[in-house]
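Each value in this text was obtained by applying a stated rule to the coordinates, not by laboratory testing. Model, not experiment: these values are computed from the prediction. Positions of Cβ are generated from backbone atoms using ideal geometry, with glycine treated the same way; all protein chains shown enter the neighbour counts.
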Amino acid sequence: MTKQKLVILISGRGSNMQALINACATPDFPADVVAVISNKVDAGGLTIAESHGITTAVCSHKDFANKTEFETALTDIIHSHKPDIVCLAGFMRVLGPTYFERIAVPTLNIHPSLLPKHKGLHTHEAVLDAGDTEHGCTVHIVTELLDDGEFIVQKSIPVMADDTVDSLAARLLVEEHKAYPEAIIAMAAKHH
Ligand code: GRF
């Protein structure tokens, strides 16, 4: 089995990144994490990645004059690791034309809603405000349209009468951590 090489992009605590690292450590999982890149120097996920001996890099959008220069630098770092798949895992920058012109491999994202419902931020609030009886997460291919692109895996949870933003987020996170590894298995199957 040729393993899919993953580069993971983060901005924060990195629990989905951790779930992917754990999955890659299990026998027969069809992928390896080759690098973790953060746009934030203080992202907690960087320390976790380093504790697993994974190469990390910081590419801060603040160090560049504009989005084109940032995305050129970011894709240069990504390409240096020769990934088969880029995984956005709590990466909080919206990627633009320069990224998509240059990247040449599929980019996945995990979004905390049952897309196409509730694109953008604050999805748990949106679910409660809408009175939805079901919530969920979606791993999808990233395109230039925000929270759009082919769905690879979706997982749902019921919304309980006493749910809050925090309780929904916590219960959904458990499903997110299963969904991302499943999506990698699905992508690896497509490539063979
Ligand atoms: C997750 O809820 C994910 O769905 C969203 O951002 C959050 C990242 O959390 N895109 P973590 O950094 O993976 O813990």
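Quick look at the values:
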read-out	value
Where Rh is the Kirkwood radius over Cα pairs, Rg/Rh for the chain	0.96
Rel. contact order, % - alpha carbon contacts under 8 angstrom, at least six apart, the chain	20 percent
GNM result for the chain, Cα springs below 10 Å: residue of P83, P158, P181 fluctuating most strongly	P158
Estimated FRET transfer efficiency when R0 is 25 angstrom, pair T164-K117 (beta carbons, to 0.05)	0.85
Charge-dipole axis of the stretch 36-127 as Lys and Arg at +1 and Asp and Glu at -1 on Cβ define it, positive-most pick from L46, A73, Y99	Y99
Label-point separation, L173 to K67 (7 Å along Cα→Cβ), nm	2.9 nm
Distance in nm between pseudo-label sites at M92 and H79 (7 Å out along the Cβ direction from Cα)	2.9 nm
Kirkwood-Stokes translational diffusion coefficient of the stretch 84-192, alpha-carbon pairs, 4 °C, 1.567 mPa s, µm²/s	89 µm²/s
Footprinting exposure proxy for T164, T72 (fewest neighbouring C-beta atoms within 10 Å first)	T164, T72
Proxy reagent accessibility, fewest Cβ within 10 Å first, across F29, F100, F91, F70	F100, F29, F70, F91
Members of K62/K178; K40/K117; K62/K190 lying beyond 31 Å, as alpha-carbon distances in this model show	K62/K178; K62/K190
Using θ = phi - 60° and Karplus 6.51 cos²θ - 1.76 cosθ + 1.60, couplings along the stretch 25-39 (whole Hz; Gly, Pro as x)	7, 8, x, 6, 5, x, 7, 10, 8, 9, 6, 10, 10, 10, 8
Stokes-Einstein D for the stretch 1-107, Kirkwood Rh over Cα pairs, 10 °C, 1.306 mPa s (µm²/s)	115 µm²/s
Virtual spin-label span in nm between A186 and R102, 7 Å along Cα→Cβ	2.9 nm
Contour excess over end-to-end distance, with Cα ends at E50 and D148 and 0.36 nm allotted per residue	32.1 nm
Amide proton proximity set for I152, modelled H, under 5 Å, gap of 5+	V139, H140, I141
Residue exposure sequence - S38, S80, S15 - by fewest surrounding Cβ within 10 Å	S80, S15, S38
